[in-house]
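Inspection log for the structure reproduced underneath, given as structure tokens.
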Amino acid sequence: MNRANTNLGQLRESFRAVTDRLGQPIEDAIFDLVVILNALKIPTVASCGGHENQGHEACPWISIYPDFPTDETKWWQDPVALAKFTSESHLYYDHVAKLLVDFYHDRSVPNEQQITLEKEGEVGGFVLVCRFCIPNDNRFARPSDPEKLANSRAEFSIFTTFLTNLYLKQASE
């Protein structure tokens, strides 16, 4: 277990250096979930911790995609590369879906507060997001409801603890 904690610490340090195109770091509200997903070999590519802004809120979410092929500039036009990417995306989707089933197995949570998977893009990838934040044209933005935002963040936090415990358990076996 000590080695697993060391690995998590190293991942945390490496992800502290990650920024988006605007130079912004991963938001604290979602940071630990991004780290533990990657520790479990579930690759994340974008995230938002959720926030209130001008009467709307952005719900917490995390985009999960397989690694994009780097050896081809237009890999999506190569049927073999595209099939591999799509297949890997389906494997990640199925894996995360099973984790969510296990997470909710013994928990009673209102349906709209539950974390779900939303497919994203035409060739693969998906987003972890609470059900009440069904995507729209404004990337999971909803009219402001501080209670729902707080509930979403809390649910993501509980899921983070669940995954961390799973990771530490797997590492000790």
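Across region 17-50, which residue is surrounded by the most Cβ atoms within 10 Å (Cβ to Cβ) among those that are free of Cβ contacts under 8 Å to residues at least 12 places away in the same chain and not hydroxyl-bearing (Ser, Thr, Tyr)? Result: VAL18. Would you be able to say whether some residue in region 31-51 is in contact with a Cys (Cβ under 6 Å, 6 or more places away or on another chain) and either assigned to a loop (DSSP other than H, G, I, E, B) or of a type in the set (Ser, Thr, Tyr) (or both)? So far as region 31-51 goes, yes, one or more of its residues are in contact with a Cys (Cβ under 6 Å, 6 or more places away or on another chain) and either assigned to a loop (DSSP other than H, G, I, E, B) or of a type in the set (Ser, Thr, Tyr) (or both). Only strands (runs of 3 or more DSSP E) whose full extent lies in region 96-166 are considered here, and the ones with at least 1 residues that are at pLDDT 80 or above and farther than 28 Å from ALA81 by Cα are 115-119, 126-130.
The values are calculated or read from the model by the stated rules, or taken from the named source; none is laboratory data. Note that the coordinates shown come from a computational prediction; the quantities given were computed from them, not determined experimentally. Because the Cβ atoms are built from the backbone with ideal geometry, glycine has one as well, and the counts that use them run over all protein chains shown.
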